[in-house]
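One structure below.
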Amino acid sequence: MSADLLLQRHFATDLPGLAIPWQAEPAPNPRLVALDESLAVELGLDPAWLRTPKGVGLLTGAVLPPEATPVAQAYAGHQFGGFSPRLGDGRALLLGELIDTEGRMRDLHLKGAGRTPFARGGDGLAALGPMLREYVVSEAMHALGVPTTRSLAVVSTGRQVLREDALPGAVLARVASSHLRVGSFQYAAISGDLDLLRRLADHAIARHHPAAAEADLPHLALLEAVVAAQASLIAKWMLVGFVHGVMNTDNMTISGETIDYGPCAFIDAFDPATVYSSIDHAGRYAFGNQAVVAQWNLARLAETLLPLIDPDQERAIELAVGALDAFPGLYADAWAAGMRAKLGLADQADNEATATLVADWTSLMHRSRVDHTAAYRALARAARGDNEPVRGLFLDLREVDEWLSRWSAQEPDAALMDRTNPVYIPRNHLVEEALTAATDGDHSLFDRLVEVVTAPYDERPGLERYAQPAPDDFGTYQTFCGT
Ligand code: AMP
Ligand code: MG
């Protein structure tokens, strides 16, 4: 198996201006903590082999096939609105690309693999808890049908990582359709090397948006394609109640996959103002602000592409603004279609009455601060004739009864609702509980949580606690950056 392993190096050879060859720091005592076997198989890797010392060597960057050229990728980025011209992989490495069993090119990337030339003041390391958080949340997102980078494995390194306390260190092996970010384009644009920028754009078109190559203006078409991919992605986040938490331009992909699970979380009470990140004081990346921020980030991407779109800057701006202006409509349409499905109304016409039902429902949920995930499953029971579970969630019964009677008249499809609305999401208190136990050496809760949230729609007996909101004493949840 390992003999056919072929790590390609397209990024490293196509874009040397954005890639610094680098080696992972060896892990003193590597132990495989989590492995997604079905993803391994999809990648053409043998899960049993990945569990051997050589396999773990691949997953930590210590034992690579001779052809591999691991690189730290360069990128810039707006972080909370402020521009940093040089961020890059401070603690990550792109090992190379794999061709999966369906012929798709996938990046194999390590996070927490030691300091690189982009590390600045950082130690280049990652603690086990945050890497397991990325693992479980990204795997849940994938199971929920949200485009995302994937988590192949987490290996604990046997090295201590100093945060507020000394914590066990780990490396995450991440798989993505690429790691191209808005920040990659920002880095290339400010380098002043127009040829580098053009090669980056063409690499992105070839990998993610090949139809753009056929357009009259391929780089405008690239922008349009990224705008569409992000509009669809952010709508999916909103429908499932996901808060990314740190939507800096270096954390926004060109592929349209969710990337970089740091201070992310799922909302419980439905409230657009929800923020979990301990450093997001102004609520820039609040739940309800994500579409606005995405469009802002896309405007930064558009700026980088101007010289490729048209040599006449006025003309280039006019075209780019046109592409950006499509975002709100694409987003609103994707969100509204998703909401109709969540309410079991997908077959109904996209009409004013349905739009009013959707708007009234979200306003009811907001005012009663109902649990976002539980509400839709309770509503599916109402579609089957039992209104009590959903009535029990709301404060004002008169209002909810009035809404339920208008909604039932549309004959909602309960089976569609159960296929669309998850029972199980990685609830914040469950994630915290699992990561705390794993940090103390007990992985059983983590394994169980992964098992539950990777089959999110199908309700199983014995898993009641995974479907319930956090107990009241869990308090206001906060997640922390600098992980
Ligand atoms: P993030 O907020 O995780 O997206 O990271 C933002 C930037 O900080 C990226 O350039 C990371 O590579 C870098 N970074 C984060 N943590 C570390 C660390 N422990 N050591 C070195 N660089 C880091
Ligand atoms: Mg990042």
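Per-residue answers, yes or no, for (1) within 16 Å of ligand 2 (Cβ to nearest atom); (2) basic (Lys, Arg); (3) more than 28 Å from residue 197 (Cα to Cα); (4) at pLDDT below 95:
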residue: 239; (1), (2), (3), (4): no, no, yes, no
residue: 248; (1), (2), (3), (4): yes, no, no, no
residue: 272; (1), (2), (3), (4): no, no, yes, yes
residue: 277; (1), (2), (3), (4): yes, no, yes, yes
residue: 287; (1), (2), (3), (4): no, no, yes, no
residue: 291; (1), (2), (3), (4): no, no, no, no
residue: 323; (1), (2), (3), (4): no, no, no, no
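State whether one or more residues within region 133-149 are more than 16 Å from ligand 2 (Cβ to nearest atom), closer than 17 Å to residue 19 by Cβ and in the same structural domain as residue 16 (by TED's automatic domain parsing).
Within region 133-149, not a single residue is more than 16 Å from ligand 2 (Cβ to nearest atom), closer than 17 Å to residue 19 by Cβ and in the same structural domain as residue 16 (by TED's automatic domain parsing).
Which pairs have Cβ atoms under 7 Å, sit 6 or more apart or on different chains, and link a residue in region 417-431 that is within 13 Å of residue 375 (Cβ to Cβ) to one that is in a loop (DSSP other than H, G, I, E, B)?
Between residues of region 417-431 that are within 13 Å of residue 375 (Cβ to Cβ) and residues that are in a loop (DSSP other than H, G, I, E, B), the close pairs are 417/344; 422/144; 422/456; 422/457; 423/456; 423/457; 423/459; 425/456.
Of all residues being out of contact with any Phe, Trp or Tyr (no Cβ under 9 Å at 6 or more places or on another chain) and aliphatic (A, V, I, L, M) in region 93-112, which is surrounded by the fewest Cβ atoms within 10 Å (Cβ to Cβ)? Just the residue, please. It would help to see each step written out before you state the result.
Here is the first cut: in region 93-112, the ones out of contact with any Phe, Trp or Tyr (no Cβ under 9 Å at 6 or more places or on another chain) are 95, 98-106, 108-112.
Within this subset, residues satisfying the condition of being aliphatic (A, V, I, L, M) are 95, 98-99, 105, 108, 110.
Details: 95: 24, 98: 20, 99: 13, 105: 16, 108: 24, 110: 26.
So the residue we want is 99.
For region 433-483, what are the residues that are touching a residue at least 60 places away in the same chain (Cβ under 8 Å) and of a type in the set (Val, Ile, Thr)?
Scanning region 433-483 gives 436, 439, 450, 453, 454, 479, 483.
Inside region 113-123, can you point out the residues that are within 8 Å of ligand 1 (Cβ to nearest atom), surrounded by fewer than 19 Cβ atoms within 10 Å (Cβ to Cβ) and either under 17 Å from residue 74 (Cβ atoms) or among the hydrophobic types (A, V, I, L, M, F, W, C) (or both)?
Passing the criteria: 115, 119, 120, 122.
Let's see how each residue does on (1) closer than 30 Å to residue 263 by Cβ; (2) within 16 Å of ligand 1 (Cβ to nearest atom); (3) among the aromatic types (Phe, Trp, Tyr); (4) in the same structural domain as residue 196 (by TED's automatic domain parsing):
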site	(1), (2), (3), (4)
15	yes, no, no, no
18	yes, yes, no, no
57	no, no, no, no
103	no, no, no, no
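The values are calculated or read from the model by the stated rules, or taken from the named source; none is laboratory data. These numbers were taken from a predicted model, which means no experiment stands behind them. Backbone-built Cβ (ideal geometry, glycine too); neighbour counts: all protein chains shown.
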